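The values are calculated or read from the model by the stated rules, or taken from the named source; none is laboratory data. Everything numeric in this text was worked out from a predicted model, so none of it was measured. Note that each Cβ is placed from the backbone with ideal geometry, even for glycine, and that neighbours are counted across all protein chains shown.
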Amino acid sequence: MSTIAVLGGGAWGTALGSMAARHGNEVKLYARDVSVVESINSVHRNERYLPGIDLYPKLAASTDAAEVLRGCDLILCVIPAQALTHAIEGLKALIPVDTPLVICAKGIERASGSLPSGIVARILPNQKLGALSGPSFATDVANGLPTAVTVAARDQLLADTIAAALSGRTFRCYSTDDLIGVEIGGALKNVLAIAAGAAIGRGYGASAQAALVTRGFVELRRIAQSMGARPETIMGLSGLGDLMLTCATPQSRNYSYGLAIGRGEDLSNRPLAEGVATAAIAAELAAGKDIEAPIIAAVAQILDRQITIDEAMEALLARPLKTEN
Ligand SMILES: NC(=O)C1=CN([C@@H]2O[C@H](COP(=O)(O)OP(=O)(O)OC[C@H]3O[C@@H](n4cnc5c(N)ncnc54)[C@H](OP(=O)(O)O)[C@@H]3O)[C@@H](O)[C@H]2O)C=CC1
Ligand SMILES: O=C(CO)COP(=O)(O)O
């Protein structure tokens, strides 16, 4: 049994906290929103982020980060990539230096091009870091539905320890020392889910969706390999596994964001879709390394309203013919 501090009271932080508590850990969750904290502690629900879902009643929440972090032996950091610098800067004095911190966000910081582990390492250079990623919708995990994910840390022993602490009857963690491979897969699949949703929303059909996701996966592989990711990580739960999930269903917020673009719907007041902020920086990173990533670049241009979906599709189809690699 571990004493776990969860930073972030959104959908994923709440789901992971509830799951970890159900598996016998002592879990305290830090959220900024008083109403979220009160609702978790009193009725065991997070009506703002996981409406209608009953949480494990032993999950406790607080707006006091010091109280949550005191005495913990594992930290799950479940704050979106674009908010991570601000959040960790604010919390750094309270984070025990010897306690492993597991990043559960999926994105690339727009301002710096850093993956979440790079953001945290910049602020907390001596912290032991891990990452958790894979096919796992918050609602599924909070409802106790089964899935499997990957837990990564540069130190394989640490990855094994975190995987053991979080695994249980309905949640199976595989471990790896390929931290960057796990993080980049999670970040890029969100961008590709926007493409998949946009294709369906625009009425291009399931064949176009499958073609885009497959060729998008080639781009993901190229970028990930250029950063040192191993092929088995790219083909694993945090790469192909999460891509399959997120590109297939409107249960994904990124896919449904794409769907809304394709249908020409209003994009204001939508839930978090990390791929929106990640697309442009991912396209820039690829271009900077001379990596062909036309689908990721097209998503960035569509989001930036530089081109329409129809123009993007036309341009993708008109590219010079080549061998499939
Ligand atoms: N939802 C899912 O199914 C999954 C999500 N993820 C990833 O997890 C990450 C978080 O997603 P999710 O929980 O769904 O997002 P939500 O939008 O549901 O929640 C985001 C949470 O982060 C909090 N937050 C934002 N900025 C700060 C800050 N500066 N300090 C403290 N807390 C902050 C928000 O607090 P406040 O309410 O006060 O704004 C909110 O509690 C994303 O990277 C996502 O890609 C990964 C797997 C599954
Ligand atoms: O990462 C996720 C599932 O593994 C959640 O995806 P969305 O953020 O697109 O909902």
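Figures for the structure shown
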{"read-out": "Residue check for MET19: modelled with pLDDT under 95 and aliphatic (A, V, I, L, M)", "value": "no"}
{"read-out": "Filter result for ARG70 (more than 24 Å from GLY130 (Cβ to Cβ), without any contact (Cβ under 8 Å) to a residue 40 or more places away in the chain and not assigned by TED's automatic domain parsing to the domain that holds LEU272)", "value": "no"}
{"read-out": "Residues that are aromatic (Phe, Trp, Tyr) and either more than 23 Å from the chain's Cα centre (by Cα) or more than 7 Å from ligand 1 (Cβ to nearest atom) (or both), drawn from the stretch 8-42", "value": "TYR30"}
{"read-out": "Qualifying residue in the stretch 73-84 (condition: surrounded by fewer than 24 Cβ atoms within 10 Å (Cβ to Cβ), more than 22 Å from the chain's Cα centre (by Cα), more than 16 Å from ligand 2 (Cβ to nearest atom) and in the same structural domain as PHE137 (by TED's automatic domain parsing))", "value": "yes"}
{"read-out": "Of residues in the stretch 18-37 being without any contact (Cβ under 8 Å) to a residue 60 or more places away in the chain and closer than 17 Å to ALA165 by Cα, the one surrounded by the fewest Cβ atoms within 10 Å (Cβ to Cβ)", "value": "GLU26"}
{"read-out": "ILE88 being more than 8 Å from ligand 1 (Cβ to nearest atom) and closer than 15 Å to LEU179 by Cβ", "value": "no"}
{"read-out": "Test set (1) within 12 Å of ligand 2 (Cβ to nearest atom); (2) crowded, with 20+ Cβ neighbours inside 10 Å; (3) free of Cβ contacts under 8 Å to residues at least 24 places away in the same chain - LEU237 fails condition number", "value": "(3)"}
{"read-out": "Out of GLY241, GLY228, GLY203, sole residue that is within 13 Å of ligand 1 (Cβ to nearest atom) and outside the structural domain of THR139 (by TED's automatic domain parsing)", "value": "GLY241"}
{"read-out": "Answer from ILE180, ILE200, ILE162, ILE184 - the residue that is surrounded by 17 or more Cβ atoms within 10 Å (Cβ to Cβ), out of contact with any Phe, Trp or Tyr (no Cβ under 7 Å at 6 or more places or on another chain) and more than 25 Å from ARG222 (Cβ to Cβ)", "value": "ILE162"}
{"read-out": "Only one of ILE291, ILE302 that is surrounded by 14 or more Cβ atoms within 10 Å (Cβ to Cβ), touching a residue at least 12 places away in the same chain (Cβ under 8 Å), in contact with a helix residue (DSSP H, G or I) (Cβ under 6 Å, 6 or more places away or on another chain) and in a loop (DSSP other than H, G, I, E, B)", "value": "ILE291"}
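Listed here are the residues, each with its yes/no results for (1) of a type in the set (A, V, I, L, M, F, W, C); (2) touching a helix residue (DSSP H, G or I) at 6+ places or on another chain (Cβ under 8 Å); (3) free of Cβ contacts under 8 Å to residues at least 12 places away in the same chain.
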site	(1), (2), (3)
SER39	no, no, yes
TYR49	no, yes, no
ALA111	yes, yes, no
PRO116	no, yes, no
VAL120	yes, yes, no
